[in-house]
Amino acid sequence: MKKITIAIDGYSSTGKSTIAKQLAKALSYVYVDTGAMYRAVTLYAMRNGFVNEAKSDIVGLVKSLPQINLKFIYNDSLGFAEMFLNEENVEREIRTMEVSRLVSKVATIEEVRKKLVLIQKAMGLEKGIVMDGRDIGTVVFPNAELKIFMTASPEKRATRRYKELLEKGEDIDYEDVLKNVEHRDYIDVHRAISPLKKAEDAINFDNSDMGLEEQFNRVLGYAKRVIAEQKKDVQ
Ligand code: DC
């Protein structure tokens, strides 16, 4: 069966990665979480003193980019690939609030985006991929056969994220999570390079009032339809 490329973009905490992961599994496709890559670069930048709340040494970080090696390694028991930064599994470290607060800043740096987009394009050469992020349908795979743009109200997204962080044992305040969601929206949408925006040919998918099962069934339905259309084109 002919494989397609699926691009899932949208605001932070819209549940993109949950749906993208399930979709990849159902189709036996590769799943790539590009947010994890920006988070891993941010973790590197934090650890090496290039960014904190007060300052950012963009020149220093850009000079160090060749030293940053990113790899996804599939974890059989988890059922998805984990993020490795210079051979270290950083899957947990990249999900903290501290990284979340600084990642949008790092993601505005042109050289960082260039490096990551190159890696992402290479991962998609053979299709059969579900990639989620902010610029997948617009920049990384403008020719993706299926593009989905996920949205939900900031309050719904903050509530979901708040619950997730609580479950992970983080000591966190709902208002801080909401502020972080709104702040990241603002930076993601207003940055000069590859801002978050819906590709013209993407399906707008507002999941504010949808459960996970309904979202998954709908998205799988779109994918099956596009895959069936590809088959017709080949015949
Ligand atoms: O999907 P996420 O919340 O883990 O992404 C973390 C940050 O990375 C987000 O604030 C914006 C940035 N990002 C990006 O600029 N481009 C992408 N393709 C993916 C993420």
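The values are calculated or read from the model by the stated rules, or taken from the named source; none is laboratory data. All values derive from a computational prediction rather than experimental measurement. Positions of Cβ are backbone-derived with ideal geometry, glycine not excepted, and every protein chain shown enters the neighbour counts.
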Return the residues of region 204-222 that are in a loop (DSSP other than H, G, I, E, B) and in contact with a helix residue (DSSP H, G or I) (Cβ under 6 Å, 6 or more places away or on another chain); say none if nothing qualifies. 207, 208
If residue 3 meets every condition in (1) among the basic types (Lys, Arg); (2) within 18 Å of residue 111 (Cα to Cα); (3) more than 14 Å from the ligand (Cβ to nearest atom) apart from one, which number is that one? (2)
Determine if region 144-155 includes at least one residue that is in contact with a helix residue (DSSP H, G or I) (Cβ under 6 Å, 6 or more places away or on another chain) and farther than 21 Å from residue 215 by Cβ. no
Restricting to region 98-118, what's the tally of residues that are within 19 Å of residue 131 (Cα to Cα) and either part of a helix (DSSP H, G or I) or of a type in the set (S, T, N, Q) (or both)? 9
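Condition check ((1) within 16 Å of the ligand (Cβ to nearest atom); (2) buried (at least 17 other Cβ atoms within 10 Å of the Cβ)) across all residues:
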{"site": "46", "(1), (2)": "yes, yes"}
{"site": "52", "(1), (2)": "no, no"}
{"site": "55", "(1), (2)": "no, no"}
{"site": "79", "(1), (2)": "no, no"}
{"site": "90", "(1), (2)": "yes, yes"}
{"site": "102", "(1), (2)": "yes, yes"}
{"site": "111", "(1), (2)": "yes, no"}
{"site": "114", "(1), (2)": "yes, no"}
One residue is enough: does region 58-67 have a residue meeting the conditions over 14 Å from the mean Cα position of the chain (by Cα), modelled with pLDDT under 95 and not hydrophobic (A, V, I, L, M, F, W, C)? no
Given the conditions (1) under 30 Å from residue 209 (Cα atoms); (2) at pLDDT below 95; (3) of a type outside the set (D, E, K, R), every one holds for residue 108 apart from (1)
Which condition number does residue 201 fail, the rest of (1) in a helix (DSSP H, G or I); (2) away from the ligand (no atom under 16 Å from the Cβ); (3) surrounded by fewer than 19 Cβ atoms within 10 Å (Cβ to Cβ) being met? (1)
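Evaluate region 4-20: report whether one residue or more is basic (Lys, Arg), in contact with a strand residue (DSSP E or B) (Cβ under 7 Å, 6 or more places away or on another chain) and in contact (Cβ under 8 Å) with a residue 60 or more places away in the chain.
The answer is yes, given that some residue of region 4-20 is basic (Lys, Arg), in contact with a strand residue (DSSP E or B) (Cβ under 7 Å, 6 or more places away or on another chain) and in contact (Cβ under 8 Å) with a residue 60 or more places away in the chain.
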Taking the stated definitions as given, is residue 59 in contact with a strand residue (DSSP E or B) (Cβ under 9 Å, 6 or more places away or on another chain), of a type in the set (A, V, I, L, M, F, W, C) and surrounded by fewer than 19 Cβ atoms within 10 Å (Cβ to Cβ)? no
Does region 150-168 include one or more residues that are closer than 18 Å to residue 24 by Cα, of a type in the set (A, V, I, L, M, F, W, C) and within 16 Å of the ligand (Cβ to nearest atom)? yes
